[in-house]
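Student: Submitted below is the structure of interest, expressed as structure tokens.
Derivation of every value follows stated rules applied to the coordinates shown; laboratory data play no part. All figures in this text were calculated on a predicted structure; none of them were measured in a lab. Because the Cβ atoms are built from the backbone with ideal geometry, glycine has one as well, and the counts that use them run over all protein chains shown.
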Amino acid sequence: MIGEMTKPIDTIAPPSVIDEWPRDIDGQFLVGGLPLTRAVAMAGGSPCYLYDRQRIMSRIAGLRRRLSPRVRIHYAIKANPMAALVCMMAGLTDGLDVASGGELGLALDSGMAPAEISFAGPGKLEAELIRAHAAGILLNVESLREARLLAALGRSSGRDARVAVRCNLPFELKASGMKMTGGPKPFGIDQADLPAMMDILDGKGAQFEGFHLYAGSQNLKADAISEAQTKSYEQAMRWTTLAPVAPRSINLGGGFGIRYAAYDKPLDVGAVIDNLNGLAERLSRDLPEAHLVIELGRYLVGEAGLYVASVVDKKQSCGQTFLVTDGGMHQHLAASGNFGQVIRKNYPVAVNGSAGHGKREIASVVGPLCTPLDILADQADLAVADVGDLVAVFQSGAYGRSASPQAFLGHAAVKEALV
Ligand SMILES: *Cc1c(COP(=O)(O)O)cnc(C)c1O
């Protein structure tokens, strides 16, 4: 049981994601049906990221069961670009969204039909546009420059470029971890530039196919997401009057969040789906040939991943306990609180197996870097661990390895496995 309680309740209460995670009779967390020690050994040892295939599959199946077929599910590769995982997503989703030439290469190699790949991101290089146009993917243009370059490529090749216009929405996504629209933004074009944009996309080299609207990320409020998606839909319908042809796709973004802090309430995804199905119904009357797209990263893969490190040393300092591990912020920047968090909150963290035999303690989990930023868990309530025990950081399937400064301090690269 829990010892002296001196910490605020949010760091004492075990986050429910840990309680919900399956364990074997020895208390080991199960990944892909395997006890953690075995899954880690299979990955080549700690530190490592482990992604549970079955969890990703059931997450997508859960969305599909309730979602109108008029709403397509895309995977945003940025959340987790592991090649094997991207290949798996190619078979499970309706499309892949990329944000760089590197991600475009991954998406094309994955087996996803090029027609179902889209490319967003400000500052696309001419070389990236040439490659994307050659592949026949959909380009979410973010400036008049991109549209002009694509129209020129279309004219010189005799094959029109496929273009969707990313527009800066005149409102914000409320209660969002990251706001990507409303006010001055480097993403997409302003409403005022739409007529000039549509002049370029008049069929002479570049074909207008739709709108791309992305309001924000990591949102746990179904009402806020639904409101933003409804407003985005209505805005797209108004902008359609400016377009040379009717849009075939309207990408309403995503922003579905997952729980990190113990007090986070899970997103009521059913409510978001109900609203999306309502919009799909409206679309079938407004534009019978068109479909909606949602693009999700974190929500599809985040909860399926664990980051696992081994305890290398255990120390006391001024009355506090430190578990020093072989992993840290260089491999998992987000868990250290340095990737987009305003106030540092612990990710759900737990010690594997029957460590402590029921005894618990307040301990901080840190990495091997010579910086106080290298924290995986600050003063967390954990089973009493010792050197050699495994510590698992949950909710680590998105914005993990690829969002971390691995070269910092020159430790060995983190391993990854899809189990
Ligand atoms: C980052 C991003 C996504 C994915 O966001 P998640 O929060 O991981 O779902 C989707 N679309 C665009 C345009 C993005 O920039």
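Student: Normalised by the number of residues in segment 219-259, what is the relative contact order in percent for Cα pairs under 8 Å and 6+ residues apart?
Tutor: Across segment 219-259, relative contact order equals 64 percent.
Student: Then there's this: Between Ser217, Val312, Leu201, whose Cα lies farthest towards the positive end of the dipole of the chain when Lys and Arg beta carbons carry +1 and Asp and Glu beta carbons carry -1, centred on the Cα centre?
Tutor: Sorting the options by dipole projection puts first Leu201.
Student: Here's something else I'd like to know. Run a plain Debye calculation on the chain (Cα atoms as equal point scatterers, no solvent) and give log10 I(q)/I(0) at q = 0.09, 0.10 Å⁻¹, rounded to two decimals, same order as the q list.
Tutor: -0.58, -0.71
Student: Explain nothing, just the number: relative contact order of the chain, from Cα pairs under 8 Å at least 6 residues apart, as a whole percent.
Tutor: Once divided by the residue count of the chain, the mean separation gives 20 percent.
Student: With both partners inside the chain, how many of the DSSP beta bridges are antiparallel, as a percent to the nearest 5?
Tutor: For the chain, the DSSP antiparallel bridge percentage is about 45.
Student: Next question, about the same structure. Within 10 Å of each residue's Cβ, count the other Cβ atoms and sort His411, His74, His291, His357 from fewest upward.
Tutor: His357, His411, His291, His74
Student: A further question follows. Treating the beta-carbon of each Lys and Arg as +1 and of each Asp and Glu as -1, no other charges, what is the dipole magnitude of the chain about its Cα centre, to the nearest 20 debye?
Tutor: For this selection, approximately 440 debye.
Student: List Thr241, Thr93, Thr371, Thr321 from most exposed to least, where exposure is judged by having the fewest other Cβ atoms within 10 Å.
Tutor: Thr241, Thr371, Thr321, Thr93
Student: Based on alpha-carbon centroids, what's the gap between segment 38-102 and segment 193-207 in Å, whole number please?
Tutor: 34 Å
Student: Putting +1 on Lys and Arg Cβ atoms and -1 on Asp and Glu Cβ atoms, find which of Ile343, Phe119, Gly45 reaches farthest to the positive end of the dipole of the chain.
Tutor: Of the candidates, Phe119 comes out farthest on the positive side.
Student: Any idea what the dipole of segment 297-419 comes to, in debye rounded to 20, about its Cα centre with Lys/Arg Cβ at +1 and Asp/Glu Cβ at -1?
Tutor: For this selection, approximately 180 debye.
Student: For helix 222-239, report the angle its Cα long axis makes with the longest principal axis of the Cα atoms of the chain; keep it between 0 and 90° and round to the nearest 10°.
Tutor: The helix 222-239 is inclined about 20 degrees to the chain.
Student: Between Phe322 and Arg155, what is 0.36 nm times their sequence separation minus the Cα-Cα distance? Round to one decimal in nm. Kindly include the intermediate steps, with their values, before the conclusion.
Tutor: Working: separation 167, 0.36 × 167 = 60.12 nm, distance 6.31 nm.
Additional length available on full extension: 53.8 nm.
Student: Given Cα positions, please report Rg to Rh for segment 295-419, the hydrodynamic radius being the Kirkwood one.
Tutor: The Rg/Rh ratio comes out at 0.95.
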